[in-house]
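One structure is given here, and the rest of the page talks about it.
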Amino acid sequence: MRANTLRATLVVLTLVAAALPTGTAAAAPQTVSQILDGLARAVAIRKSDVAEAERQIAKAKGLQNGKGLVTFRHAGTNNGERLVAAAPDDDNAKTIKAYDRNGDVHELTTAHEPNQPLTIVDIDVERAVQRGMDVIKQAMPTEQTRQLAGYWATQVTRISVSDVQEPWFKGDAEIFALVSGFGLDGKVRVDPVTMPYLDDENTTYSPNQLLVHWNNYKYDLADVVLMEDDGDTNYKALAQALAAALLTIVDGGAYIPLVSAVLDAIPDSWYTDDPDYVESWYTLSEQGGGVLNGASGRGWMDTRPYFVREL
């Protein structure tokens, strides 16, 4: 009797095992847009966990710290039921998916702001860019600079770019520069520079910002690439790609342009939104200056040599 019971148990276990899947595929990681959409619905029905959403966003963007990455903006009018929506990752989106307090979906046109209150859940891209610059710096060489009683830098006195104007449902564009050249050790180095003032297209800004610090470089030539963070940027992936591509370039005793190498290193996913590549300038020189037009024709900047004196 005991043997029959044992055989029956083994048969049942075998059937159960056969019914189970042989392997479970790992769930694809959520994108920033998906995380924001889930948070928008949770905010609408008053069951949000912003801290958890920020942790997930930090992971999706390759950042170590997610605190403060979520921001809320208000659009529309003050009359009617308030809706909550995630900012679309596509500047050319025709509609926005918004949620009401019951979690029901409302399709809003992007042609104009809605005729009712709308809360937009988005990324604080200025804060994200600042943290992203640290990720890139950590991935690239940080050889010591020349110990001099002051050094020459390139100062941007005026700058203007086009194709960065964001629609009403997105926040300001967040622009940063990747300055590349050969470091003192002969290896390619990339110095990220934030440009938070570049908000509007075809507007001339006068930042007097130091863009290239020549005491970091072996040659008196460097390249500049302007990029834009539209929200889905993964800085860890960008830093790894830049390091993998650029650190293999050998110093042959003469400067070679690095813009193409930087652009080739950028992951394809960066081009799924509006072009995250904004503009580039080849071979800025230590003593060069004047108005420099960008290679793509979407921007220009006026520069001059600036001597940074030691205190």
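Readers should treat all values here as calculations from the given coordinates under stated rules, not as data from a laboratory. In this text the structure is predicted, and so the values were computed from the model without any measurement. Cβ: placed from backbone, ideal geometry, glycine included. Neighbour counts: every protein chain shown.
Taken one residue at a time, the phi angles of region 202-214 give Karplus couplings (6.51, -1.76, 1.60, θ = phi - 60°) of 6, 10, 8, 10, 10, x, 6, 8, 7, 9, 10, 9, 6 Hz. Gly and Pro are set to x.
Net charge in the neighbourhood of Thr119 (other residues with Cβ under 13 Å of its Cβ; Lys, Arg +1, Asp, Glu -1) is +1. Mind checking which lysines have their Cα closer than 21 Å to the Cα of Lys218? Skip sequence neighbours fewer than 8 apart in that chain. Leaving aside lysines fewer than 8 places away in the same chain, those within reach of Lys218 are Lys137, Lys187.
Sorting the segments 88-95, 299-306, 222-229 by their residues' average number of neighbouring beta-carbon atoms within 10 angstrom, most packed first, yields 222-229, 299-306, 88-95.
Inter-label distance, Asp100 to Asp264: 5.5 nm, where each label sits 7 Å from its Cα along the C-beta direction.
Between Thr157 and Arg73, what length in nm is gained on full extension when 0.36 nm per residue of separation is reduced by their alpha carbon distance?
27.0 nm
Net charge of the neighbourhood of Tyr255, taken over other residues with C-beta under 12 Å away and scored Lys/Arg +1, Asp/Glu -1, is -3. Packing here is the average count of other Cβ atoms within 10 Å per residue, and on that basis the peptides 60-68, 184-192, highest first, run 184-192, 60-68.
Across region 77-118, Cα pairs under 8 Å and at least six residues apart give a relative contact order of 49 percent. Here's how it looks for Gly183: its modeled amide H is under 5 Å from those of Val188, Arg189, Lys218, which are all 5 or more places away or on a different chain.
Grab the Cα-Cα distance for Ser296 and Gln34, subtract it from 0.36 nm times how many residues apart they are, and report the gain in nm with one decimal.
91.1 nm
Quick one: go through region 77-98 and flag any residue whose amide nitrogen is under 19 Å from the point 7 Å out along the Cα-to-Cβ line of Ile45. Those under the cut-off are 82-87, 97-98.
In this simple spin-label approximation, Leu210 and Val308 carry label points 7 Å from Cα along the Cα→Cβ vector, and these lie 0.3 nm apart. Take 278-288, 44-54 and order them by the average number of nearby Cβ atoms within 10 Å per residue, most first; the result is 278-288, 44-54. Each residue of region 41-47 was assigned a 3J(HN,Hα) from its phi angle through the Karplus curve 6.51 cos²θ - 1.76 cosθ + 1.60 (θ = phi - 60°); the sequence is 5, 5, 5, 4, 9, 6, 9 Hz, with glycine and proline shown as x.
In region 63-139, which GluC sites (Glu not before Pro) are in a loop and have at most 10 other Cβ atoms within 10 Å, using DSSP for the loop call? All intermediate terms of the calculation are to be shown ahead of the outcome.
Numbers: sites: Glu81, Glu107, Glu126; in loops: Glu81.
Answer in residue order: Glu81.
A Förster radius of 22 Å, combined with the Cβ-Cβ distance separating Ile256 from Asp185, puts the computed FRET efficiency at roughly 0.85. Approximating the spin labels as points 7 Å out from Cα along Cα→Cβ, the Asp134-to-Asn65 distance works out to 0.4 nm.
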